[in-house]
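See below for the structure under consideration.
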Amino acid sequence: MMRERWGSKLGVILAVAGSAIGLGNFLRFPGVAAANGGGAFLIPYFVALLLLGVPLMWVEWTIGRFGGGFGHSTAPGAFHTMANKNRFVKYFGVIGIFGPIVIYIYYVYIESWLLGYSVFAATGMYSDCTTKEAVKGFLDNYLGGEGTHFQSLWPAYGFFLATFLANTAVVYFGVRAGIERVCKIAMPALLILAAVLVVRVFTLGTPDAAHPENNVSNGMGFLWNPDWSALIDADAWQRVRSGTGGTWARLNDCLHLLKSDIWLAAAGQIFFTLSVGIGAILTYASYLRKEDDVALAGLTSASANTFAEVVLGGSIVIPAAFVFFGGAATREFARGGTFELGFLAMPMVLQRVAFGNVFGFLWFFLLFIAGITSSISLAQPAIAFLEDEFNLTKREAVAIFAISTFILCHASVFGGSAVIGELDFWAVNFCLVSFALLEAILFAWVFGMQRAWTELHSGSDITIPGVYRFVIKYVTPLFLLAILGTWAYQELGKTLLMEGADPASRSARILTRILLLMLLAILCFLVWAVWKRRKGESTEVAP
Amino acid sequence: MTWQGWIFLLAGWSVIVAMLSFCLYRTLRGGAGKPADTPPRDA
């Protein structure tokens, strides 16, 4: 079977950037930055980008292209080949298919809310909701199907069906005619929509004459004014400056100078936003040729994502909310996280500006585009796995994937926030970081840094500074180990025992965990079956 | 916004825009003479 390829270099970069640019850029980043020191957050953010994000981009692009050269578009095959056909390594690669499927199961449903809200904004359906409680009631009504605006779940289900079909149609047309073509249109459209919204926010001025301090400049200041206390422990700093205590005490103070929370928040944001550690970029890169560049392409997609996040994403939600509601209310919205900023704050803001219906539509449609370019990348690993390892046609693979995920998505549609929260926790907190750690170790330690460096530079359009040999081999894995260790220490026990969770949601959470374990077991079985069938056969052909 | 806020905003934006500009320039023009929107070398 003829292997699919990208049509152009720009196409693959836009596809990877599309995978990375999602809700995290426009909703998660402003909230996390505002809650973690504002401008001071940028220091750990850029450090994490350079020591974690960009190296992992290069690692994942290189593993993907290497695996693709042997006809493997997904992690089990790519890992197996890189680890000299070690019999166990391919099972670790299962996370690179499992994680994207799990995220896909709830992400498509959330994406459908955005499609629905873009229609509601254009038609003014929530225009009578002027308070935070009323806007929240509208969202609950939409998702619950009982209330004044919606009397059934059919509207939510209809938008879910439309979104699911749109995703399926894109992946059905394949890498070049589907994903690449959509991203070539969607990504410039996304940037234009975001730019229009940024200009609108910057021209809001001071809408409330009684509160002249609620202006755009102070709104940007809310996000960018550095709060050094979030970054540096003031007590330790005082002790270091005074120079009191013995050598050991001073060393201890120096070690405690930087607060760990902000660094973990920055590392988490870099992970979430760049789509590294999911397996999607690996699959996208597998459709490159051996001679195609990965070093510059990886850096370009990371840069495009950072631009969309810091420059565009940081200039819409927070300053807009600040202008209309002031600092205290904006802080509350930011603490509420992604959903409060996107689905509560922005509808309220956009109702207060001229042509609010138009800008409301633009806002939610922007997020919908950002969502769909990400979700198609989540679908591709499973489809590619079925195509490559089972020799299925594109039509067969897409049909199996669509039917399976359509059934699984109903857990999110009808299971509510407990199921979505459970899926999100295991996919994002556990799968992403552990898969990235596996990739980094495999790349630098199993495959070997010398071979890895040569492979990374094969066909490269730029030369990566030599210091990154050290960073990829030591710093990135240690950084990942620190994140995983801290997460396990702080969250794993509490989450496993469901501490603090609503008792009514316990059964839904347990069923979700059983579902996840079953899915993981099925994928492991499929990998076992494929390699068992191949045993004794010489099916892998070097490129 | 305080002067420190302006410094962080301008510095952050400058670094990002410079990084993206460099990457796009090399991708579109400088990539080993490989035009960006045409099929790869061995296509």
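Every number in this text was worked out from the coordinates using simple rules, so none of it is lab data. Because the structure is predicted, anything quoted here is derived from the model rather than measured. Every residue, glycine among them, receives a Cβ derived from its backbone with ideal geometry; neighbour counts consider all protein chains shown.
Work out how much length A:ALA504 to A:LYS136 would gain on full extension: take 0.36 nm times their residue separation and subtract the Cα-Cα distance, in nm to one decimal. Spell out each step's value before the answer.
Working: separation 368, 0.36 × 368 = 132.48 nm, distance 2.12 nm.
That works out to 130.4 nm of additional length.
Mind checking which of A:HIS149, A:LEU344, A:LEU231 is farthest towards the positive end of the protein assembly as shown's charge dipole, using Cβ charges of +1 (Lys, Arg) and -1 (Asp, Glu) about the Cα centre?
A:LEU231
Show the residues, 5+ positions off or on another chain, whose built amide H is closer than 5 Å to the amide H of A:ILE232.
The answer is A:LYS259.
Just from its helices, what would the mean residue ellipticity at 222 nm be for chain A, if runs of 4 or more DSSP H residues each count -39500 (n - 2.57) and the sum is divided by every residue, rounded to the nearest 500 deg cm²/dmol? Could the numbers behind the result be given before it?
Numbers: 27 runs with 360 residues, N = 543.
My calculation for chain A gives -21000 deg cm²/dmol from helical runs alone.
What percent do you get for the relative contact order of chain A when only Cα pairs under 8 Å and 6+ apart count?
Numbers: 820 pairs, mean separation 178.4, N = 543.
It rounds to 33 percent for chain A.
How would you classify region A:9-532 from its alpha-carbon gyration tensor, with a ≥ b ≥ c the square roots of the eigenvalues: rounded for a/c under 1.5, else prolate if a/b is greater than b/c, otherwise oblate? Can you show the working numbers first?
On the way: a/c = 1.55, a/b = 1.13, b/c = 1.37.
Oblate is the answer for region A:9-532, as a/c is 1.5 or above yet b/c matches or exceeds a/b.
For region A:455-491 and region A:96-167, write down the distance between their C-alpha centroids in whole Å.
38
Which whole-number percent gives the relative contact order of region A:230-282, counting Cα pairs below 8 Å spaced six or more residues apart? Numbers along the way, then the final one.
Numbers: 29 pairs, mean separation 19.4, N = 53.
Dividing the mean separation by the residue count of region A:230-282 yields 37 percent.
Tell me which of A:ALA440, A:ILE376, A:SER303 sits at the most positive position along the dipole axis of region A:300-458, charges placed on C-beta atoms (Lys, Arg +1; Asp, Glu -1).
A:SER303
Taking the number of other C-beta atoms within 10 Å as the exposure measure, put A:ARG241, A:ARG181 in order starting with the fewest. Mind showing how you got there, number by number?
Values: A:ARG241 9, A:ARG181 17.
Least to most surrounded, the residues fall as A:ARG241, A:ARG181.
Given the options A:CYS524, A:PHE479, A:GLY416, identify the residue whose Cα lies farthest towards the positive end of the charge dipole of region A:9-532 (+1 on Cβ of Lys, Arg; -1 on Cβ of Asp, Glu).
Of the candidates, A:CYS524 comes out farthest on the positive side.
Run through region A:1-68 and list the trypsin sites (Lys or Arg not before Pro) located in a DSSP loop whose Cβ has at most 11 other Cβ atoms within 10 Å.
Numbers: sites: A:ARG3, A:ARG5, A:LYS9, A:ARG28, A:ARG65; in loops: A:ARG3, A:ARG5.
Of the trypsin sites (Lys or Arg not before Pro), not one in the loops of region A:1-68 has a Cβ with at most 11 other Cβ atoms within 10 Å.
Across the residues of A:5-18, average count of Cβ atoms on other protein chains within 10 Å?
Values: counts 4, 3, 5, 7, 11, 7, 3, 1, 4, 0, 0, 0, 0, 0.
Other-chain Cβ atoms within 10 Å of each residue's Cβ, averaged: 3.
Alpha carbon centre of region A:1-62 versus region A:244-301: separation in Å?
Taking the Cα centre of each part, region A:1-62 and region A:244-301 sit 10 Å apart.
Take each uninterrupted DSSP H stretch in chain A, measure its Cα extent along the helix axis, and return the ones at 20 Å or beyond whose mean Kyte-Doolittle hydropathy is at least 1.0.
Numbers: long enough: A:54-69 (23 Å, 0.48); A:95-123 (42 Å, 1.39); A:154-172 (26 Å, 1.12); A:181-202 (32 Å, 2.05); A:260-274 (21 Å, 1.19); A:356-390 (50 Å, 1.25); A:394-424 (34 Å, 1.02); A:506-534 (42 Å, 1.21).
Passing helices, by number: A:95-123, A:154-172, A:181-202, A:260-274, A:356-390, A:394-424, A:506-534.
If you take all C-alpha pairs in region A:165-321, what percent of them are over 28 Å apart?
Value for region A:165-321: 50 percent of Cα pairs lie more than 28 Å apart.
Just want the ordering: A:LEU197, A:LEU492, from fewest to most Cβ atoms lying within 10 Å of their own Cβ.
Numbers: A:LEU197 22, A:LEU492 14.
Ranked by crowding around the Cβ, least crowded first: A:LEU492, A:LEU197.
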